[in-house]
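Report on one structure; see the data block that follows.
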Amino acid sequence: MTVPITERGRRTRRRIVAAATEVVAERGVVGASLDEVGSRASASRSQLYHYFADKDELLLAVAEATNDAVLNGQRPHFDELGSWTGLQRWTDALVAMQEQHHGRGGCPIANLVSQLGERDDDIRTELASGFDRWEAEIREGLVTMVAAGELRLDTDVDWLASTTLASLQGGLMLTQAHRDPHALRRALDGALALIATFR
């Protein structure tokens, strides 16, 4: 993957990745064409191949950008996860986002895993790192709650972080399938109820 050495080159590469991320989100990996990516990014085919050797390399960059977008979008709430109130606000924000989208879209990271995870190990590994980062944010919040006395000292924060993320992902999948954000609300309420047993 070519790393641009000029600011102009870096801007062009970011523009291409942003366009590719949009196209993949809208049309799926199979339906995403390089011609449409180039058109949206105002980049020629030669520019695409200057920065990315092939479509798979571009999709790896899309996976990286998707991880960052999903996690950065939750950053204000991640910073509050060290309290019970903050944990509740985070779950409320996730449900509110699904309500705004009328249950459409699901989890962008999971969507890419389902499309690419079995065909490209590098992309699968990158997407798995997004889930790892997500789980780490939840775990860090739980650790802070233990230190503050909001959770018991014997709280298994690794297990709770993993089950909370699993509940979140299952709730997003059911919400997407049924176009019903209440599915996510119920899943996250279950995760909160489990965490509450350690208060």
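Where a number appears in this text, it was derived from the coordinates with a stated rule and is not lab data. This one's a predicted model, so the numbers in the text were calculated from it and none came from an experiment. Methodologically, a virtual Cβ is constructed for each residue, glycine included, from the backbone with ideal geometry; neighbour enumeration extends over all protein chains shown.
What trypsin sites (Lys or Arg not before Pro) in segment 96-157 are in a loop by DSSP, with at most 13 other Cβ atoms within 10 Å of the Cβ? Walk me through the numbers on the way to the answer.
Details: sites: Arg104, Arg119, Arg124, Arg133, Arg139, Arg152; in loops: Arg104, Arg119, Arg152.
Answer in residue order: Arg104, Arg119, Arg152.
Please give, to one decimal in nm, the separation of the simple spin-label points placed at Ser46 and Arg104, each 7 Å out from Cα toward the Cβ.
Modelled inter-label distance: 3.9 nm.
At 7 Å along the Cα-to-beta-carbon direction for both Asp79 and Thr144, put a label point, then send me their distance in nm to one decimal.
Here the modelled spin labels are 1.0 nm apart.
Which angle between 0 and 90 degrees, to the nearest 10, do you get for helix 157-178 versus the longest principal axis of the chain when only C-alpha atoms count?
For 157-178 against the chain, the angle is about 60 degrees.
Give the whole-number value, in cubic angstrom per residue, of the convex hull volume spanned by the C-alpha atoms of segment 7-53.
60
What length, rounded to one decimal in nm, is gained on full extension from Ile5 through to Met97, with 0.36 nm per residue of separation minus their alpha-carbon distance? Don't skip to the end; give the middle numbers.
Details: separation 92, 0.36 × 92 = 33.12 nm, distance 3.74 nm.
Between Ile5 and Met97, full extension yields an extra 29.4 nm.
Once every DSSP H run of n ≥ 4 in the chain is given -39500 (n - 2.57) and the sum is divided by its residues, what mean residue ellipticity at 222 nm do you get, rounded to the nearest 500 deg cm²/dmol?
Details: 10 runs with 153 residues, N = 199.
Value at 222 nm, helices only: -25500 deg cm²/dmol.
Could you state the number of Å between the C-alpha centres of segment 154-193 and segment 13-83?
Distance between centres, Cα-based: 26 Å.
Estimate the FRET efficiency between Asn72 and Leu153 by the formula 1/(1 + (r/R0)^6), using the beta-carbon distance for r and 35 Å for R0, to the nearest 0.05. Mind showing how you got there, number by number?
On the way: r = 32 Å, r/R0 = 0.92.
So the FRET efficiency works out to roughly 0.60.
Pairing the Cα long axis of helix 55-73 with the longest principal axis of the chain, what angle in degrees results, from 0 to 90 and rounded to the nearest 10?
Once rounded, the angle reads 30 degrees.
Just want the ordering: Glu7, Glu64, from fewest to most Cβ atoms lying within 10 Å of their own Cβ.
Details: Glu7 8, Glu64 17.
With the fewest neighbours first, Glu7, Glu64 line up as Glu7, Glu64.
Sorted from fewest to most neighbouring beta carbons within 10 Å, what does the list Thr155, Thr91, Thr85 look like? Mind dumping the intermediate values first?
Values: Thr155 18, Thr91 21, Thr85 10.
Final ranking by Cβ density, sparse to dense: Thr85, Thr155, Thr91.
Using the C-alpha gyration tensor of segment 69-196, what are the square roots of 5 times its eigenvalues, in whole angstrom, with the largest one first?
Numbers: eigenvalues 119, 65, 30 Å².
Equivalent-ellipsoid dimensions as semi-axes: 24, 18, 12 Å.
Fewest first, what order do Trp134, Trp84 take by the number of other Cβ atoms within 10 Å? Show your work: numbers first, answer last.
Values: Trp134 22, Trp84 16.
Least to most surrounded, the residues fall as Trp84, Trp134.
Nearest 10 degrees, 0 to 90: what angle lies between the long axis of helix 7-31 and the longest principal axis of the chain (Cα atoms)?
70
Applying 1/(1 + (r/R0)^6) with R0 = 45 Å to the Cβ-Cβ distance of Ala18 and Ala196, what FRET efficiency is obtained, to the nearest 0.05? Display every interim value, and only then the final one.
Numbers: r = 40 Å, r/R0 = 0.89.
With a Förster radius of 45 Å, E is 0.65.
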